[in-house]
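Heads up, the thing below is written out as structure tokens.
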Amino acid sequence: MSEIAKIELGGTTYEFPVIEGTENEKAIDISNLRAATGYVTLDTGYKNTGATTSSITFLDGEEGILKYRGYPIEELAEKATFIEVAYLLIYGNLPTTTELEKFRSNITKHTLVHEDMKQFFEAYPAKAHPMGVLSSMVCSLSTFYPESLDPNRSPEAKDLTILRLLAKLPTLAAWAYKNSTRHPFMYPKNEFDYCKNFLYMMFAMPTEEFKVDPVVVDALNKLFILHADHEQNCSTSTVRIVGSSQANLYASISAGISALWGPLHGGANQEVIEMLEKIHADGGDVDKWVLKAKDKEDPFRLMGFGHRVYKNFDPRAKIIKKACDDILTKLGVNDPLLAIAKKLEQVALEDEYFKARNLYPNVDFYSGIIYKALGIPTEMFTVMFAIGRLPGWIAQWKEMTENKEPIGRPRQIYTGEVLRTYVPIEKR
Ligand code: ACO
């Protein structure tokens, strides 16, 4: 017999079904709660609230497990390409050779952005943060494809918008960087694969031959895979909730990019490097900074530490830490920040404050050191995260539209004034 949850309110017992996911996760289905009882639930920050059922990503924060469509992240990071993983997330299965070739070639057909968009870039100041530029540019894409304003026009139209986004995001991201340096934009080179093409648009110059170490391309591929989806996090929930109003996909992804920008979310990778640089410049006394992070009067937090759902370890951080060592060795980079990061991790992991609160390094703790070794400027770190996360946002949006989920609209408990009478301004 299936499990039932009982809630007693004002002497009456109400029953609610318990639903179970394929990994035995359990939830009390309260979709009928308000209609049956007149009550709502209160859960700020949605710490206990499942907003949807989903078959894309499974995450067990206690055990440190992360799987995309049933495939462990460790296996995908080791063996797959980012484009294969993008296909897997969006369409549900790993592609066959024919499917992958078609997907790849369709993406390369759309890597150019409209020439008129170059004027938008040029209007931004050189010091504009690239996340602000990227979010605006992605929303601006919708103005060039008015037929995409109805996100549910047809499955073919949906697929075309998905391809355009996957194809154009690296171009827009690289051009945001080129614009900040006031260097000429490099047009995509479609004989290169996804990651190499991005590096080409970022770093190539018209006057020089472009050369890139395959170690750098592989590292980028791995980082993008590790960031590709993470179920109902802040930016993904934003994409789903904006999309639930049937706003177009460009607008929904643009909103996701804005949500990712915050330092408590994707913006943490930039903050981590800035924090490590500060500690290094301050003499490298790690204990002093750990003390600061524990001091409740001090707003300083150890960036790259802690996670809403991982309370044991973040499996992505484990892979990234190892990749960081490998990549720096292969590239012959000796970064003092890596030594500080490792010491900080060791001190924090042995400290009672961090142990009691289950605070471990998250995905952002070591990724910045890799990006730095690859030559990516610090302000572009969160942009890199956005490129990696794009397939996950798209997959989650697609699932939400295909499930015909209702508009996202939480309730509240009102705590303001009950009734006041308007007082003319001269009498206030
Ligand atoms: N440094 C010091 N103390 C911390 C840290 C930290 N990085 N993170 C959490 N704590 C403490 C809090 O002060 C709190 O202590 P208290 O119980 O004594 O009040 C306790 O740990 C719980 O923290 P919350 O903020 O309530 O946990 P929540 O789940 O809401 O937040 C978050 C998770 C936002 C990730 C938090 O750990 C944090 O701010 N980390 C630093 C920023 C960061 O690295 N973000 C990236 C997350 S990964 C990602 O989004 C891709």
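The values are calculated or read from the model by the stated rules, or taken from the named source; none is laboratory data. Only a predicted model underlies this, so the values are computations on that prediction, with no experimental measurement involved. Using ideal geometry, Cβ is built from the backbone for each residue, glycine included, and neighbour counts are taken over all protein chains shown.
Worth a mention:
- Enumeration of residues in segment 351-401 that are among the aliphatic types (A, V, I, L, M), assigned to a loop (DSSP other than H, G, I, E, B) and more than 11 Å from the ligand (Cβ to nearest atom): L374, I376
- When restricted to residues that are assigned to a helix (DSSP H, G or I), among the hydrophobic types (A, V, I, L, M, F, W, C) and assigned by TED's automatic domain parsing to the domain that holds F82, segment 196-229 contains 5.
- Sub-6 Å Cβ pairs linking a first residue in segment 141-167 that is in contact (Cβ under 8 Å) with a residue 12 or more places away in the chain to a second residue that is among the aromatic types (F, W, Y), at least 6 apart or interchain, are L141/Y250; S142/Y250, ordered by first then second residue.
- Among the residues here, V309 qualifies as among the β-branched types (V, I, T), within 15 Å of the ligand (Cβ to nearest atom) and surrounded by fewer than 21 Cβ atoms within 10 Å (Cβ to Cβ).
- Matching option when the condition is farther than 25 Å from E62 by Cβ and under 20 Å from the mean Cα position of the chain (by Cα), among G262, G266, G304, G284: G262
- Scanning segment 111-160 for residues that are surrounded by 14 or more Cβ atoms within 10 Å (Cβ to Cβ), of a type in the set (G, A, S) and in a loop (DSSP other than H, G, I, E, B) yields a single hit, A128.
- Exclusive hit being free of Cβ contacts under 8 Å to residues at least 60 places away in the same chain and within 19 Å of the chain's Cα centre (by Cα), set E78, E84: E84
- Counting only residues that are farther than 21 Å from I376 by Cβ, in a helix (DSSP H, G or I) and more than 14 Å from the ligand (Cβ to nearest atom), segment 259-287 holds 1 of them.
- Any hit, segment 371-386, residues being in contact with a helix residue (DSSP H, G or I) (Cβ under 8 Å, 6 or more places away or on another chain) and either without any contact (Cβ under 8 Å) to a residue 40 or more places away in the chain or assigned by TED's automatic domain parsing to the domain that holds E75 (or both): no
- M186 being in contact with a helix residue (DSSP H, G or I) (Cβ under 6 Å, 6 or more places away or on another chain), without any contact (Cβ under 8 Å) to a residue 24 or more places away in the chain, in the same structural domain as L260 (by TED's automatic domain parsing) and surrounded by 19 or more Cβ atoms within 10 Å (Cβ to Cβ): yes
- The single condition among (1) on the phi > 0 side of the Ramachandran plot; (2) in contact with a His (Cβ under 9 Å, 6 or more places away or on another chain) that R389 does not meet is (1).
- Looking across A251, A348, A339, one residue alone is farther than 27 Å from E78 by Cβ and either surrounded by fewer than 16 Cβ atoms within 10 Å (Cβ to Cβ) or modelled with pLDDT of 95 or more (or both). It is A251.
- Single residue of segment 312-343 satisfying the filter (touching a Phe, Trp or Tyr at 6+ places or on another chain (Cβ under 7 Å) and in a helix (DSSP H, G or I)) that is farthest from the ligand (Cβ to nearest atom): C324
- The one condition from (1) more than 16 Å from the ligand (Cβ to nearest atom); (2) part of a loop (DSSP other than H, G, I, E, B); (3) among the β-branched types (V, I, T) that T98 does not meet is (2).
- Restricted to segment 288-300, and to residues there that are under 16 Å from K343 (Cα atoms) and of a type outside the set (A, V, I, L, M), the residue that is farthest from the ligand (Cβ to nearest atom) is K288.
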